[in-house]
Amino acid sequence: MAGSGPVSSPDPIAQLLVSFREESARGVSSRAEFEALKGRYLGREKGLVPALFLGVRELPPEERAGYGARANAAKREIEEGIARLGETLARAESERRERTAAVDVTLPGRRTRAGSLHPVTLVRRRIEEIFLRMGYSIADGPEIESDFHNFEALNFPPEHPARDAQDTLFLDRKAESPLLLRTHTSPVQIREMRKRGAPLKIIAPGRVYRNESVDATHQPVFHQVEALVVDKEISMADLKGTVEAFFGALFGAGTRVRIIPTFFPFVEPGADVQMGCLFCNGAGCRTCKGSGWMEIAGAGEVHPAVLRACGIDPEEWSGFAFGLGLDRVAMMLYEFPDLRLLFEGDERFLSQLAPLS
Ligand code: DAH
């Protein structure tokens, strides 16, 4: 600066400190601003701090030492100040990162897809409700059964064709009482009668197994419900009244039911329960093969030999039983044509079947 002596000219060190203190008090709001400030003061080429040292040689020798010491002190203050600004900035940045990475509770939630109850479960629950209202209790039995419970106590003769390996899935055929996958829910009758004696009023829903080839109406694993009533003077009239009430509740009042004789080893007399065809209302169609009736359950009066096998005196007690397939009931209630749909696990099919009201 021409014409101005060192005494009257403003002290560059003091000036620089004043402006730095001002600036650093204001702080920086971004990394770019910080880097610019740092470069302006400390930049090796054009930085204001290195520039302070350039004039040293032009000073009179006696002033050099004092100037140099002050310039160094200023340099240290500025370096420290910038380091502090850097730390403050880094803290602000990491807080901002945490804030944006944290869960934003104001965002709408992502809906988790809820599963739906399987149609067979819906039908089972509906049937359980009906029977519970009629005073029955719900019984359960094992799916791995003994030959005794599945056949022998149910009065199947040893060489009865139902025992044939073509129908029955045996687990251990050679054992004294062979183990098998139960072929029906009727063994639960035996277990309950032996456990509780008479009187008795139970249903037993569950899974059953047969060595069937799969088609539209057959599956190797399917579901049944068994009903059993044992009391004094139980007759076919009680059976008829009960199946009428039950199928009326399940398929709607006015459902026609008829009972025609047939044979099962564990009932005498044995009966097929038939229901007026839901599809043609009795007029005759493909589903009912033109007869107007559909078989819906097996039934009968509990055979005296079965009562006896369970320690119940047939002179004193009598009973009726019936059993039906849940999967077929599901087909009829939900009106789908192929049993396989129930077991393929295709959620598009399974989830569209609403609870039955
Ligand atoms: N257990 C028979 C079946 O699986 C169905 C059945 C028939 C059950 C007559 C009964 C009955 O309780 O009395 O085919």
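A few comments on the model shown:
- Residues satisfying the stated conditions in the range 243-256, i.e. closer than 12 Å to LEU278 by Cβ and either within 16 Å of the ligand (Cβ to nearest atom) or open to solvent by 70 Å² or more (accessible area, probe 1.4 Å) (or both): PHE247, GLY254, ARG256
- Residue that is assigned by TED's automatic domain parsing to the domain that holds LEU339, outside any loop (DSSP other than H, G, I, E, B), of a type outside the set (A, V, I, L, M) and within 30 Å of the chain's Cα centre (by Cα), where the choices are GLY248, GLY241, GLY206: GLY206
- Selection status of ASN281, open to solvent by 70 Å² or more (accessible area, probe 1.4 Å), within 16 Å of the ligand (Cβ to nearest atom), farther than 24 Å from PRO304 by Cβ and assigned to a loop (DSSP other than H, G, I, E, B): no
- Residue, nearest to the ligand (Cβ to nearest atom), within the range 169-225, restricted to residues that are among the small types (Gly, Ala, Ser) and touching a Lys or Arg at 6+ places or on another chain (Cβ under 9 Å): ALA204
- A residue that is part of a strand (DSSP E or B) and buried (at least 16 other Cβ atoms within 10 Å of the Cβ) can be found somewhere in the range 260-269.
- The listed residues are ALA175, ALA153, and the only one of them that is over 28 Å from the mean Cα position of the chain (by Cα) and assigned to a loop (DSSP other than H, G, I, E, B) turns out to be ALA175.
- From the list ARG348, ARG340, ARG328, ARG286, the one residue that fits, being within 15 Å of the ligand (Cβ to nearest atom), open to solvent by 70 Å² or more (accessible area, probe 1.4 Å) and within 26 Å of VAL214 (Cβ to Cβ), is ARG328.
- Residues that are near the ligand (Cβ under 10 Å from one of its atoms), open to solvent by less than 10 Å² (accessible area, probe 1.4 Å) and not small (Gly, Ala, Ser), drawn from the range 303-323: VAL306, PHE320, PHE322
The values are calculated or read from the model by the stated rules, or taken from the named source; none is laboratory data. Keep in mind that what you see is a predicted model, and the values were worked out from it rather than measured. With ideal geometry, Cβ positions are generated from the backbone for all residues, glycine too; neighbour counts draw on all protein chains shown. In case anyone asks, the SASA skips ligands and DNA or RNA and just uses the protein heavy atoms, side chains included. Shrake-Rupley method; radii C 1.70, N 1.55, O 1.52, S 1.80 Å.
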